[in-house]
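Worksheet for the structure shown next.
The values are calculated or read from the model by the stated rules, or taken from the named source; none is laboratory data. Everything numeric here is computed off the predicted structure, so don't read it as measured data. Cβ placement follows ideal geometry from the backbone for every residue including glycine, while neighbour counts extend to all protein chains displayed.
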Amino acid sequence: MEVILAESAGFCFGVKRAVDTVYEQIGKGKQIYTYGPIIHNEEVVKDLEKKGVKVLTCDEELEALTEGTVVIRSHGVSREIGRKIEEKGLECVDATCPFVKRIHKIVEKESRAGRQIIIIGNPGHPEVEGIMGWSETPAVIIESEKEAENFFCPEEKDICLVSQTTFNYNKFQELVEIIQKKGYNVNVVNTICNATEERQAEAKVIASQVDAMIVIGGNHSSNTKKLYEICRKECENTCFIQTLDGLRLDFPDSVIRVGITAGASAPNNIIEEVQNYVRVNF
């Protein structure tokens, strides 16, 4: 059996930077907290917890702290959360992905100029919530074609449109086109990370060339779910797993080529473990 591993599989720059930042803080003598799971991968979070790192799951837990170091994850946080950490006198280590930081600055500047902010992304995703928190006025989140079609903005108000960094690139283009057809003055800033675009494009090509596809990543990982959706359209035999334990392959004898890709939250050791298992056992 031939196994094709995507070159773009695994940690992206922003995720690796955030994870490395937390490990670097361990052993410095202070209690380490992360505001939310540092990445959407349970295996990494569990390993950090074993080393004493605690996850803050809500604002109330942050409010209760009196000392320690708070690491802001790659998804970033709202301006208000950053202000709270500073006001409480806690040490703050900002591991926000630079590409997400760029969106914060764009949204802050454009909203101050009076423009309506539209965020193409997933409601409830921590990155999107953080971006919303940098807008001076209420931002609008659009995820679906129906939401784009139903969107209304006063004609005299200009629009600035940005995207969650891990959003599906093709879907982003489709939603932008729907909004632009309404005749608004829209400044479209494609803030989808280049690594995300490359990962999605490569996954699509590989999935179209193989008989079965394996997508590795955290169950709560937005970018991994999008990879799965992309691969599933190209290859019916596509499975989504978090670790090797979740691999249940029952492929017909006709399967001779298997593709493997992984989201930005998948550690290299898990990717290698799955790849080696497939090569040896199928």
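What tally of residues in region 64-84 results from selecting those that are more than 23 Å from the chain's Cα centre (by Cα) and either in a loop (DSSP other than H, G, I, E, B) or touching a residue at least 24 places away in the same chain (Cβ under 8 Å) (or both)? Can you show your working first?
As a first pass, look at region 64-84 and keep what is more than 23 Å from the chain's Cα centre (by Cα): 64-69, 83-84.
Keeping just the survivors that are either in a loop (DSSP other than H, G, I, E, B) or touching a residue at least 24 places away in the same chain (Cβ under 8 Å) (or both) gives 65-69, 84.
Result for region 64-84: 6.
Run T96 past the list (1) under 30 Å from E24 (Cβ atoms); (2) modelled with pLDDT of 95 or more; (3) not aromatic (F, W, Y); (4) not in a loop (DSSP other than H, G, I, E, B) and report the number of the one that doesn't hold. The number of the failed condition is (4). Among the candidates K157, K146, the residue that is loosely packed, with under 15 Cβ neighbours inside 10 Å, at pLDDT 95 or above and basic (K, R) is uniquely K146.
Listed by first and then second residue, the pairs linking a residue in region 132-148 that is closer than 12 Å to E174 by Cβ to a residue that is among the hydrophobic types (A, V, I, L, M, F, W, C) and assigned to a loop (DSSP other than H, G, I, E, B), with Cβ atoms under 9 Å apart and 6 or more places separating them unless they lie on different chains, are I142/F151; E143/F167.
Return yes when G130 is under 18 Å from the mean Cα position of the chain (by Cα), of a type in the set (G, A, S) and over 15 Å from V100 (Cβ atoms) and no when it is not. Quick ask: steps written out before the conclusion?
Details: under 18 Å from the mean Cα position of the chain (by Cα): yes; of a type in the set (G, A, S): yes; over 15 Å from V100 (Cβ atoms): no.
In short, no.
Scanning region 52-65 finds one or more residues that are modelled with pLDDT of 95 or more, surrounded by fewer than 14 Cβ atoms within 10 Å (Cβ to Cβ) and under 17 Å from V19 (Cα atoms).
Among the residues making up region 107-131, those that are without any contact (Cβ under 8 Å) to a residue 60 or more places away in the chain, surrounded by fewer than 23 Cβ atoms within 10 Å (Cβ to Cβ) and of a type outside the set (S, T, N, Q) are E108, K109, R112, A113, G114, P123, G124, E129.
Report whether or not V45 is of a type in the set (V, I, T), surrounded by fewer than 22 Cβ atoms within 10 Å (Cβ to Cβ) and not assigned by TED's automatic domain parsing to the domain that holds I159. Full working, then the answer.
Working: of a type in the set (V, I, T): yes; surrounded by fewer than 22 Cβ atoms within 10 Å (Cβ to Cβ): yes; not assigned by TED's automatic domain parsing to the domain that holds I159: yes.
Here the answer is yes, as V45 does meet what is asked.
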